[in-house]
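**Q** My questions will all concern the structure given below.
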Amino acid sequence: MDLKEVNERLNYYIRPQSFPLAVKLLGSKEELPQKARVPSRDLGYAVTACQGVTMARRYGWIVALGKEDVCCAPAAVGLGFVRREELRPPEGTIFPARTLEYGKYQYLVIAALHSASFEPDALVIYGNSAQMMRLAQSFFFGGQEVNGIGTGAADCLDIATTKDGPNPRLILPSGGDRVFGATEDFEMIFALPWDMVEGAVKGLEMTHQLGFRYPILSNVRYKPELPPFLDLKKMLGQD
């Protein structure tokens with residue numbers, strides 16, 4: 001499935017409030033997409049990885065984050081841009097245990113799916129719990145597990161490492177994502193390797209046909225029991 005078709009299907013079945021994301025790790029500067037915005041170059045300052053993700057999902061940008069573009073220490077270490085041993089953190093600082101190999105990748109690229117000009121490593125969708133349920137159902141009914149990740153820290157690494165995981169991921173947004181990425185209280189993250197996307201879309205279609213929908217279908221076909229001040233029949237003396 002091409003990116004445009006995936007985007008259209010997601011907008012039909014899930015209706016996310018922000019753009020679905022294409023995510024890719026690059027090994028060299030030469031691989032950067034032509035229209036990528038590199039914060040240190042194009043904004044004049046480094047940002048948190050959370051900000052980069054939000055620029056993509058809210059503005060529709062293609063954002064490329066390298067060593068000079070990330071100001072968040074845990075993200076820089078986790079993405080393999082900086083060695084943990086190079087830093088002198090304040091006492092009590094905790095770095096994530098899950099990290100990419102140092103120096104293996106030069107850039108993390110995040111793009112709104114409709115504007116991506118590359119084949120992604122992973123698809124990432126922010127949404128509410130009902131939208132996450134629909135995505136989880138698309139795998140559950142096909143016998144595929146969804147892993148939950150709930151550390152509440154460095155969700156950028158959970159997103160970046162999705163391509164290496166055997167299962168889709170339901171991720172609890174981190175504190176940094178909420179503070180610096182302006183992620184809303186109701187939002188969660190669903191991430192899946194790109195090679196699972198076609199199956200997810202087919203799962204959404206199949207479960208939609210079974211009657212699972214978003215927006216959620218409410219059962220309103222019942223006879224209501226009204227209080228006296230609303231009951232028309234009682235007021236007409238017909239009851």
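**Q** Residue check, ASP185 against (1) more than 21 Å from THR54 (Cβ to Cβ); (2) free of Cβ contacts under 8 Å to residues at least 40 places away in the same chain; (3) charged (D, E, K, R), all met but one. Which one?
**A** Unmet for ASP185, out of (1) more than 21 Å from THR54 (Cβ to Cβ); (2) free of Cβ contacts under 8 Å to residues at least 40 places away in the same chain; (3) charged (D, E, K, R): (1).
**Q** Scanning for something in contact with a Pro (Cβ under 7 Å, 6 or more places away or on another chain), on the phi < 0 side of the Ramachandran plot, surrounded by 14 or more Cβ atoms within 10 Å (Cβ to Cβ) and aromatic (Phe, Trp, Tyr), does segment 191-211 turn up at least one residue?
**A** Taking every residue of segment 191-211 in turn, at least one turns out to be in contact with a Pro (Cβ under 7 Å, 6 or more places away or on another chain), on the phi < 0 side of the Ramachandran plot, surrounded by 14 or more Cβ atoms within 10 Å (Cβ to Cβ) and aromatic (Phe, Trp, Tyr).
**Q** Restricted to segment 133-163, and to residues that are in a loop (DSSP other than H, G, I, E, B) and of a type in the set (Ser, Thr, Tyr), which residue is nearest to VAL63 (Cα to Cα)?
**A** Taking the candidates together, the pick is THR161.
**Q** Moving to a separate point now. Only residues that are under 14 Å from SER115 (Cα atoms) and at pLDDT below 95: list them for segment 48-89, please.
**A** The answer is none; no residue qualifies.
**Q** Can I ask one more? From GLU91, GLU85, GLU101, GLU68, grab the single residue that is in contact with a helix residue (DSSP H, G or I) (Cβ under 7 Å, 6 or more places away or on another chain) and acidic (Asp, Glu).
**A** GLU68
**Q** Are any residues in segment 164-193 part of a strand (DSSP E or B) and either of a type in the set (A, V, I, L, M) or more than 27 Å from LYS104 (Cα to Cα) (or both), and if so, which ones?
**A** If the condition is that a residue be part of a strand (DSSP E or B) and either of a type in the set (A, V, I, L, M) or more than 27 Å from LYS104 (Cα to Cα) (or both), then LEU170, ILE171, MET188, ILE189, ALA191, LEU192 are the ones that fit.
**Q** Output the residues belonging to segment 194-239 that are over 30 Å from ARG9 (Cα atoms), aliphatic (A, V, I, L, M) and assigned to a loop (DSSP other than H, G, I, E, B).
**A** Within segment 194-239, LEU226, LEU230, LEU236 qualify.
**Q** Please count how many residues of segment 5-34 are among the basic types (Lys, Arg) and surrounded by fewer than 15 Cβ atoms within 10 Å (Cβ to Cβ).
**A** Count: 2.
**Q** Still on this structure, please answer the following. Please enumerate the residues belonging to segment 125-164 that are without any contact (Cβ under 8 Å) to a residue 60 or more places away in the chain, touching a strand residue (DSSP E or B) at 6+ places or on another chain (Cβ under 8 Å) and more than 17 Å from ALA97 (Cα to Cα).
**A** Within segment 125-164, SER129, MET132, ALA136, VAL146, ASN147 qualify.
**Q** Just the residues that are closer than 28 Å to GLY143 by Cβ and either within 10 Å of the chain's Cα centre (by Cα) or not charged (D, E, K, R) (or both), please, taken from segment 174-199.
**A** Scanning segment 174-199 gives GLU187, MET188, ILE189, PHE190, ALA191, LEU192, PRO193, TRP194, MET196, VAL197, GLY199.
**Q** Sticking with this one: Do we have PRO16 as touching a Gly at 6+ places or on another chain (Cβ under 6 Å), under 19 Å from GLU187 (Cα atoms), outside any helix (DSSP H, G or I) and not polar (S, T, N, Q) here?
**A** yes
The values are calculated or read from the model by the stated rules, or taken from the named source; none is laboratory data. Owing to the predicted nature of the structure, the values given are computational and were not obtained by experimental measurement. Neighbour counts run over all protein chains shown; Cβ positions are idealised from the backbone, glycine included.
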